[in-house]
Amino acid sequence: ALYWKEALSSLDSLMDIDPLLDRPLDFTNYREMVSPREMDLEITDGRYAGIKAILQNEGLTINTLVQFLWHKLLSVYGGSPRTIVGTTVSGRNLPVRGIEESVGLYINTLPLIIDWEKDRSVLEQ
């Protein structure tokens, strides 16, 4: 518990998007979209293969890229210099006898924090 208190102490405040979902907001402090638009982006076989090749060359996964983009979106919408999102990791490799034959959800959720003030790329984050 002490480890996480120290690790999370660098966050000025938790970025809570609940008000965007279910409570009335005072929009005077939020940026406003003047002309909202919708855009579809199709990643075709060739583009997907190209993205995957670049990521493999850099030692990254598609999941890493998607998580990075999600954090960036939260940072832009929330105006926050740091973002924190719970990330799940599998616990199936725990040294518990008979775990492979058991039924249940064996995952841990860990906080993934990105500090956007340091102006680093996805490779440096």
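The values are calculated or read from the model by the stated rules, or taken from the named source; none is laboratory data. Keep in mind it's a predicted model, so treat the numbers as computed, not measured. Note that each Cβ is placed from the backbone with ideal geometry, even for glycine, and that neighbours are counted across all protein chains shown. Accessible surface areas use protein heavy atoms only, side chains included; no ligands, DNA or RNA. Shrake-Rupley method; radii C 1.70, N 1.55, O 1.52, S 1.80 Å.
Couple of notes before you dig in:
- Residue check for L11: surrounded by 10 or more Cβ atoms within 10 Å (Cβ to Cβ) and at pLDDT below 75: yes
- Counted residues, the stretch 66-88 - those being free of Cβ contacts under 8 Å to residues at least 40 places away in the same chain, in a strand (DSSP E or B) and surrounded by 11 or more Cβ atoms within 10 Å (Cβ to Cβ): 2
- In the stretch 94-110, the residues that are assigned to a loop (DSSP other than H, G, I, E, B) reach residues that are aromatic (F, W, Y) with C-beta atoms within less than 8 angstrom, at least six apart or across chains, in these pairs: L94/Y106.
- As a summary of the residue check, L94 satisfies the conditions (1) modelled with pLDDT of 75 or more; (2) within 25 Å of Y3 (Cα to Cα); (3) not aromatic (F, W, Y) except for the one numbered (1).
- Here the stretch 31-50 is the region considered, the condition is being modelled with pLDDT under 90 and open to solvent by less than 100 Å² (accessible area, probe 1.4 Å), and the residue that is nearest to Y77 (Cα to Cα) is P36.
- Evaluation of L60 against the conditions (1) modelled with pLDDT of 65 or more; (2) surrounded by fewer than 10 Cβ atoms within 10 Å (Cβ to Cβ) shows that the sole unmet condition is (2).
- Which numbered condition I99 fails, given (1) at pLDDT below 85; (2) over 15 Å from the mean Cα position of the chain (by Cα); (3) loosely packed, with under 12 Cβ neighbours inside 10 Å: (3)
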